[in-house]
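Below is one structure; the comments refer to it alone.
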Amino acid sequence: MGVIEAGRGVDERLEQAYRKGYSVPSQLREEIKYAHQTLLAVTVICAVVDVITVVGVALAAGIAVASLPWWAGGFAVLAGAVLVGRQLRGLENLVHEGSHYNWSRHHRRLNDALTVVLAAAPVAAKIRDYRAGHLRHHGRFGTDHDPDLQRYRELDLEAMDRSNRGAFALSVLRRFPGYQRGWLREIGADSLWSLVPFLWAGLVVVAPALALAGTSAAWGAGATWALGYLAALPLLRMIAEASEHVYTDSSTMFDATISNLGWVQRHMVHPHNDGYHTIHHMWPGIPHHHLAHVHRTLMLHDPNGYGARLRYRTTIRKHPVRSGQAVRR
């Protein structure tokens, strides 16, 4: 082989995606196959609940601004913004589900239409652009074409200081501007589409608050939504994404993927079972409502394979560890 051919061979090897790194026991294959079934009604209900909660929390904060002392109204806005950001994060995770056709596997146009109307529009995601970038993450995992690896490198996410709350907060804030720019590029949010969430909030948050409780309530509700959308949501997303992978000490997708299984992680940072990220990378076609069950099944029936090798966190600042017994939940 000549020098040029040898060089090409090296480049091809460097560009090879990480191998999967895990095989399910044969006796569980039928159960894994069954877990790929989508339940459209479940996902629609999840999206509707997220939307209703965003609207309800913003309205409640707006009414508090209009009827309570300024300090109580201000507290209601700040607390409400965190809850709004969490629910919008849930909608983003359902956009992620839509990108894998996990709303409806066999009705793909319906999958995309519902994803856009119920989840993508409120968070400025363009489903086709998001799908293109995210499927590169799965298909070219660990290569220069993996957008998540690119972001990890650009922002040095693996080096975030998790030693104490202050150091971690500073690590997040220092990386936040660059992170948000990269995210907007990935989801394809152009100038016009970026206005859609503001129009959405005007129609379903500000206008009802104005009609129900007047101008002060409208301002309070709008401020609650705006802080949730522009601050709480991207911060939660960044913390979530920075916790999902460790590329530098791994050579397989299984070993490079981290599950986030603590209570705060599962209920605040990774809604809709997004914290079971190892299961998702092994089988991207398993919808969110089956991920926890598959995790528990593998913990029970493959403790020396999946259970012993699983890398996980139980708190946001915890470094990933391996131990099957501690994550039986």
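The values are calculated or read from the model by the stated rules, or taken from the named source; none is laboratory data. Since this is a predicted model, take the numbers as computed values, not measurements. Every residue, glycine among them, receives a Cβ derived from its backbone with ideal geometry; neighbour counts consider all protein chains shown.
Just to be sure, is HIS281 modelled with pLDDT of 95 or more, buried (at least 20 other Cβ atoms within 10 Å of the Cβ) and in a helix (DSSP H, G or I)? Considered against the rule, which asks whether it is modelled with pLDDT of 95 or more, buried (at least 20 other Cβ atoms within 10 Å of the Cβ) and in a helix (DSSP H, G or I), HIS281 comes out as yes.
For region 57-81, filtered to residues that are free of Cβ contacts under 8 Å to residues at least 40 places away in the same chain and either crowded, with 16+ Cβ neighbours inside 10 Å or in contact with a helix residue (DSSP H, G or I) (Cβ under 6 Å, 6 or more places away or on another chain) (or both), the residue that is nearest to HIS96 (Cα to Cα) is ALA60. If you take the residues of region 235-266 that are free of Cβ contacts under 8 Å to residues at least 60 places away in the same chain and within 21 Å of the chain's Cα centre (by Cα), which of them is surrounded by the fewest Cβ atoms within 10 Å (Cβ to Cβ)? Within region 235-266, the match that is surrounded by the fewest Cβ atoms within 10 Å (Cβ to Cβ) is TRP263. For region 143-159, taking the residues that are over 19 Å from the mean Cα position of the chain (by Cα), surrounded by 13 or more Cβ atoms within 10 Å (Cβ to Cβ) and in contact (Cβ under 8 Å) with a residue 40 or more places away in the chain, the one that is farthest from PHE254 (Cα to Cα) is identified as HIS145. Is one or more of the residues making up region 160-178 buried (at least 20 other Cβ atoms within 10 Å of the Cβ) and either closer than 18 Å to VAL82 by Cα or in contact with a strand residue (DSSP E or B) (Cβ under 7 Å, 6 or more places away or on another chain) (or both)? For region 160-178, residues buried (at least 20 other Cβ atoms within 10 Å of the Cβ) and either closer than 18 Å to VAL82 by Cα or in contact with a strand residue (DSSP E or B) (Cβ under 7 Å, 6 or more places away or on another chain) (or both): absent.
A single entry from LEU39, LEU59 fulfils the requirement of being touching a Pro at 6+ places or on another chain (Cβ under 9 Å) and closer than 30 Å to GLY220 by Cα: LEU59.
As a summary of the residue check, THR38 satisfies the conditions (1) among the β-branched types (Val, Ile, Thr); (2) assigned to a helix (DSSP H, G or I); (3) within 26 Å of ALA240 (Cα to Cα) except for the one numbered (2). Output yes when any residue across region 22-36 is modelled with pLDDT of 95 or more, under 23 Å from the mean Cα position of the chain (by Cα) and aliphatic (A, V, I, L, M), and no when none is. Yes; the residues of region 22-36 include at least one that is modelled with pLDDT of 95 or more, under 23 Å from the mean Cα position of the chain (by Cα) and aliphatic (A, V, I, L, M). Residues of region 204-225 that are without any contact (Cβ under 8 Å) to a residue 40 or more places away in the chain and within 17 Å of PRO122 (Cβ to Cβ): VAL206, ALA207.
Every residue, every condition in (1) over 22 Å from GLY275 (Cα atoms); (2) in a helix (DSSP H, G or I); (3) of a type in the set (Lys, Arg), yes or no:
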residue	(1), (2), (3)
ALA66	yes, yes, no
VAL84	no, yes, no
GLN87	no, yes, no
TRP103	no, no, no
ASP112	yes, yes, no
VAL116	yes, yes, no
ARG131	no, yes, yes
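Scanning region 34-56 for residues that are among the small types (Gly, Ala, Ser) and either over 21 Å from ASP112 (Cβ atoms) or crowded, with 23+ Cβ neighbours inside 10 Å (or both) turns up ALA35, ALA47, GLY56. If you go through region 288-329 one residue at a time, how many are part of a helix (DSSP H, G or I) and at pLDDT 90 or above? The number of residues fulfilling the criteria is 21.
Condition (residue is in a helix (DSSP H, G or I), closer than 20 Å to GLY275 by Cα and in contact with a Lys or Arg (Cβ under 6 Å, 6 or more places away or on another chain)) applied to region 148-156: is it met by at least one residue?
Within region 148-156 (the criterion being in a helix (DSSP H, G or I), closer than 20 Å to GLY275 by Cα and in contact with a Lys or Arg (Cβ under 6 Å, 6 or more places away or on another chain)), the answer is no, since none of the residues qualifies.
Residue count for region 104-123, restricted to those that are surrounded by fewer than 21 Cβ atoms within 10 Å (Cβ to Cβ) and in contact with a helix residue (DSSP H, G or I) (Cβ under 6 Å, 6 or more places away or on another chain): 3.
Considering region 89-101, and only residues there that are part of a helix (DSSP H, G or I) and not small (Gly, Ala, Ser), the residue that is nearest to the chain's Cα centre (by Cα) turns out to be ASN93.
Scanning region 301-326 for residues that are out of contact with any strand residue (DSSP E or B) (no Cβ under 7 Å at 6 or more places or on another chain), in contact (Cβ under 8 Å) with a residue 24 or more places away in the chain and aliphatic (A, V, I, L, M) yields a count of 1.
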